[in-house]
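Trainee: Structure below; questions to follow.
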Amino acid sequence: MKKKVLATLLTAAMAATLMAGCGSSTSSTTTESATDAPAAATEAPAEETAEEPAAEEEAETTASAEGGYHFEIVSKGFQHQYWQAVLKGAEQKAEELGDTINFVGPNTESDIADQVQMLQSAINQKPVAIGLAALDTSACLDAITEAQNAGIPIVGFDSGVPGAPEGAVVANCATDNYAAGELAAEETYKLISDRIASADGAVRIGVMGQDATAESIINRGLGFIDKIAELAAADGHVVTIEGNDKYVSDSKVEPTDGANVIIEVLVPAQVTQELSAIDCQNLLSKSDTICIYGSNQHSGDAMVTANQTMNKFGSGDGQVIGVTFDSGTAIKGAVADGTFAGAVTQAPVAMGEALIQTLHDAASGKTVSDVDTGCQWYTAENMDSEEIAQNLYD
């Protein structure tokens, strides 16, 4: 019996020794009762209080430095290759900054109600910021106001959010359409300056606009018109303008008698391929026409259609220099085979990158401003390069 009691006491003593040894050799906190270890019970919380704020502060600093924000992005569309290129740029920049995104858009750019619903869903997610390319700002006003009241900044992209309540949109990431038109003019003038100089009489430069209402279309046209006139005047030529009243009144060119460079602007009565193709045929039928510029994909496609029966575009003697804006299957094919001398494309990948950077900066509390996402001139020679090809869309 004595042996059993002694064995039991020895076992208990060894267990106590082992427990004490484990507690001193690890950083883990072991919970003990107040009666067994009163000092440990008061000291352990003190250690946690001292260490936890430092750990939290470090985590916050890391999140701020490396990203970690989530953004909701509502585009005008989703399936179109243009928007896929915007998405590509957005994903690349989000990964670089450590942010996450949810990028959505309606099936077509006429699905306004669907986009409004998507914007409402985005707001319901309570993100730190939202990217928005509005199909119809007036239709989105209630949702935009809700986001503004909730303190969620909106960054516009592509066409932005024109007419939004003051302060709701903190910045826009979009193509400077006037500057893009100027780029088209600069590249075009290189191709036609000798023709103008060597012409026996006046020469005509046609400008095709899809409409005279959309800001982006108007600015692409005016940028082209004003820059062509500026470059021609610098070479000693006299320039005049005629055609659509909106473009004539808003351009920097004054209608002038006796000009040797005539800029003629045509806008169809309705936005249809048929009417725009007829406009192009009318320009191609004039013997003094040396160049035609289409200010968007609609006009460029109409130029391709018109040329199928007239076969006048090209770079040879007596042919008309064709330049346009955007890409698309027909336009890319016309540039590739030399029918068109070149075209200007927006830079949707760069737009996506700029959008995320601006959203990130806005979420970080930085002051943000509008970003010109740029554009590119492409020809048969450079359109297959990696830099250009990623920005060409069908």
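Trainee: Tell me, what is a quarter of the convex hull surface for the C-alpha atoms of the range 59-217, in nm² with one decimal?
Mentor: Average projection, Cα convex hull of the range 59-217: 12.6 nm².
Trainee: Could you give me D for the range 300-349, from Stokes-Einstein at 37 °C and 0.692 mPa s, where the hydrodynamic radius is the Kirkwood radius over C-alpha pairs? Units µm² s⁻¹, please.
Mentor: The diffusion coefficient I find is 299 µm²/s.
Trainee: Counting Lys and Arg as +1 and Asp and Glu as -1, each charge on the Cβ, what is the dipole of the range 185-247 about the Cα centre in debye, to the nearest 20?
Mentor: 80 debye
Trainee: Relative to the present Cα-Cα distance, how much length would full extension add between residue 269 and residue 285 at 0.36 nm per residue of separation?
Mentor: Going from the current span to full extension adds 3.8 nm.
Trainee: Per residue and in Å³, how big is the convex hull formed by the alpha-carbon atoms of the range 342-394?
Mentor: 73 Å³
Trainee: Starting from the Cα of residue 252, step 7 Å along the direction of its Cβ; do the same at residue 309; then give the gap between the two resulting points in nm.
Mentor: Computed distance between label sites residue 252 and residue 309 equals 3.9 nm.
Trainee: Mind putting a number on the dipole of the range 317-385 about its Cα centre? Charges go on the C-beta only, +1 for Lys and Arg and -1 for Asp and Glu, and I need it in Debye to the nearest 20.
Mentor: The calculated dipole for the range 317-385 is roughly 180 debye.
Trainee: If amide H atoms are built 1.01 Å from N in the plane of the peptide, which residues on other chains or at least 5 residues away come under 5 Å of the amide H of residue 101?
Mentor: The list, which skips near neighbours in sequence, is 71.
Trainee: Estimate the FRET efficiency between residue 381 and residue 329 by the formula 1/(1 + (r/R0)^6), using the beta-carbon distance for r and 25 Å for R0, to the nearest 0.05.
Mentor: Computed FRET efficiency for residue 381 and residue 329: 0.80.
Trainee: Given Cβ point charges of +1 (Lys, Arg) and -1 (Asp, Glu) and nothing else, what value in debye, to the nearest 20, does the dipole of the range 84-238 about its Cα centre take?
Mentor: With Lys and Arg at +1 and Asp and Glu at -1, about 100 debye.
Trainee: Let me ask you something else. Just name one of 278, 307, 347: the one whose Cα is farthest towards the positive end of the charge dipole of the range 240-394 (beta-carbon charges, Lys/Arg +1, Asp/Glu -1).
Mentor: Selected residue: 278.
Trainee: Also, quick follow-up: Give 190/227; 246/312; 227/286 a once-over and call out the pairs whose C-alpha atoms are over 20 Å from each other.
Mentor: Distance filter (> 20 Å) returns 246/312; 227/286.
Trainee: Another question, if that's okay. Debye sum, Cα scatterers, the range 165-310, no solvent: what log₁₀ I/I(0) at q = 0.15, 0.16, 0.18, 0.20 1/Å?
Mentor: At q = 0.15, 0.16, 0.18, 0.20 Å⁻¹ the computed log10 ratios are -0.73, -0.82, -1.02, -1.23.
Trainee: Here is a further query. Once each part is reduced to its C-alpha centroid, what is the distance from the range 138-211 to the range 265-337 in angstrom?
Mentor: Spelled out, the Cα-based centre of one part sits 21 Å from the other.
Trainee: How many angstrom lie between the C-alpha centres of the range 216-240 and the range 112-129?
Mentor: 41 Å
Trainee: Based on alpha-carbon atoms only, what is the radius of gyration of the range 128-225 relative to the globular estimate 2.2 N^0.38 Å?
Mentor: The range 128-225 yields a ratio of 1.55.
Trainee: So which GluC sites (Glu not before Pro) in the range 155-258 are both in a DSSP loop and have at most 11 other Cβ atoms within 10 Å of their Cβ?
Mentor: Of the GluC sites (Glu not before Pro), the ones in loops of the range 155-258 whose Cβ has at most 11 other Cβ atoms within 10 Å are 166.
Trainee: Taking only the alpha-carbon positions of the range 249-289 and ignoring solvent, what does the Debye formula give for the base-10 log of I(q)/I(0) at q = 0.27 Å⁻¹?
Mentor: Per q value, in the given order, log10 I(q)/I(0) is -0.98.
Trainee: Let me ask something else about it. Show me, for the range 123-138, the HN-Hα J-couplings you get by feeding each phi into the Karplus relation (A = 6.51, B = -1.76, C = 1.60, θ = phi - 60°), rounded to Hz, glycine and proline as x.
Mentor: So the J values, rounded to whole Hz, are 5, 4, 6, 6, x, 6, 6, 10, x, 9, 10, 6, 6, 8, 4, 4.
All of the numbers you see were taken from the coordinates with simple rules; none came from a lab. Just so it is clear, the model here is predicted, and its values are computed rather than measured. All Cβ positions, even for glycine, are placed from backbone atoms using ideal geometry, and neighbour counts span all protein chains on display.
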